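Right, one structure below, let's go through it.
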Amino acid sequence: MTPQCNLPEGFHAGAALETAANANAIATAIHAVTSLADTEREAMGKRGRELSQSRYTWPRTAADLSDVHQWLCKRAPQPQTIVDDQDLMMMDIVA
């Protein structure tokens, strides 16, 4: 997975290998993952499934979106899903 996927939790959870978005880097990453022992690949897959089941379900996504909406309407504090409160575009929207 590339850092541009904006899912750093995949790396932190050990559920993804980092690669760049070019053919050589992707080939290297494919070789790295296919060189892992079966137990290592299975463990990485299990961590990915656990991450997706805990963070990326429809109910969780809807709750996160609701939190952002409430914040934008100034009815709630900034939610944790807003990662970069220094983002000028977001600051213009909120202001």
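Helix 23-35 and the longest principal axis of the Cα set of the chain meet at an angle near 70°.
What's the FRET efficiency of His69 with Glu18 using the Cβ-Cβ distance as r and R₀ = 41 Å, to the nearest 0.05?
Details: r = 32 Å, r/R0 = 0.79.
Once rounded, the FRET efficiency stands at 0.80.
The alpha carbon radius of gyration of the chain, expressed as a multiple of 2.2 N^0.38 Å, is 1.40.
Overall dimensions of region 29-72, expressed as equivalent-ellipsoid semi-axes from the Cα gyration tensor (√(5λ), whole Å, largest first), are 34, 11, 6.
If only the Cβ of Lys and Arg carry +1 and only the Cβ of Asp and Glu carry -1, the dipole of the chain around its Cα centre is close to 280 debye. Its relative contact order, with pairs defined as Cα atoms under 8 Å and 6+ residues apart, puts the chain at 19 percent.
Principal-axis analysis of the Cα atoms of the chain puts helix 58-72 at an angle of about 40° to the longest axis.
Other residues with beta-carbon under 13 Å from the beta-carbon of Val33 carry, at +1 per Lys or Arg and -1 per Asp or Glu, a net charge of -3.
Any read-out appearing in this document is the output of simple, stated calculations on the displayed coordinates, not a laboratory observation. Here the structure is a predicted model, which is why all the values come from computation and not from measurement. Virtual Cβ from ideal backbone geometry, glycine too; neighbours counted across all protein chains shown.
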